[in-house]
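Right, one structure below, let's go through it.
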Amino acid sequence: MEVIIAPVDQQARLAADAIEALLRRDDDSTLGLATGSSPLAVYGELIHRHEQHGLSFARARGFMLDEYVGLPADHPQRYHNVIAEELADRVHWDAERVHGPDGLAADIPAACADYERALARAGGVDLQLLGIGTDGHIGFNEPGSSLSSRTRIKSLAPQTRADNARFFGGDVDKVPVHCVTQGLGTISEARHLVLLASGRHKAEAVHQLVEGPISALWPATVMQLHPHATVLVDEAAASRLQLADYYRQTFAAKPAWQGL
């Protein structure tokens, strides 16, 4: 696991560099898309590179991490709509090539199985963007999730609903109780995991992710088992890291050609 301590704008450039290098090398690559606040600066950087430097998403495929269950198709916080507004529409990415779990399916378990099959048909995810919750969740894999879990329905923890209330006008009662999420096993099959975190409220989760024991209590710790995982954090989110100086020294000495 590579840990890079950097301001949010530098995090965004580094993650966008990795995505751009992937798409320039293989333009039909598959990207894993996250929502929430963490990836917004990355999406902004990708939009800039599309507009100013011709970075194309025309042949790429996108797969979303998760989706709320039961939000109407036109709800602004439905993740299909969030990704369209924050990235896909602005880089002229055909909606037919951007996929997400179906939170409106009549048969949720069948829809989850269909999503797993769609991921497999696409050849898996080449680079997966991730955020982390204050309780250590990635995707919507709340504490207690199996480290080998697959796409499934989950109940959102009270802390997650409270954290996400800011997207629903501050009203936690408007935050759905259920979601569909890729499982930790599903996420772990992506070839490169890139997690971004900022703010002191993420510091304990980041500490557990990077330096704690692998445990279902902190779901993101499954990333410690991954052969190519990158964690990008700002100084506040890194404030609990015991080896922070070592991570800084390692990144400062990293060969320029290596990339993420």
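The values are calculated or read from the model by the stated rules, or taken from the named source; none is laboratory data. All figures in this text were calculated on a predicted structure; none of them were measured in a lab. So basically every Cβ, Gly included, is an ideal-geometry build from the backbone, and we count neighbours across all protein chains shown. What goes into the accessible areas is simple: the full protein's heavy atoms, side chains included, and nothing from ligands, DNA or RNA. Shrake-Rupley method; radii C 1.70, N 1.55, O 1.52, S 1.80 Å.
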Inset, instruction - Can you give me the number of residues within the stretch 19-66 that are out of contact with any Ser or Thr (no Cβ under 8 Å at 6 or more places or on another chain), assigned to a helix (DSSP H, G or I) and open to solvent by less than 60 Å² (accessible area, probe 1.4 Å)? - result: 11
Legend entry - Scan of the stretch 126-158 for residues that are open to solvent by 20 Å² or more (accessible area, probe 1.4 Å), free of Cβ contacts under 8 Å to residues at least 60 places away in the same chain and touching a His at 6+ places or on another chain (Cβ under 9 Å), ordered by number: 154, 155, 157
Legend entry - Single condition residue 163 does not satisfy, out of (1) modelled with pLDDT of 95 or more; (2) open to solvent by 10 Å² or more (accessible area, probe 1.4 Å): (1)
Inset, instruction - Kindly check whether there is at least one residue in the stretch 69-77 that is in contact with a His (Cβ under 6 Å, 6 or more places away or on another chain), open to solvent by 20 Å² or more (accessible area, probe 1.4 Å) and either in a helix (DSSP H, G or I) or in contact (Cβ under 8 Å) with a residue 24 or more places away in the chain (or both). - result: yes
Inset, instruction - Only residues that are open to solvent by less than 50 Å² (accessible area, probe 1.4 Å), farther than 23 Å from residue 7 by Cβ and in contact (Cβ under 8 Å) with a residue 24 or more places away in the chain: list them for the stretch 202-260, please. - result: 216, 219, 221, 222, 226
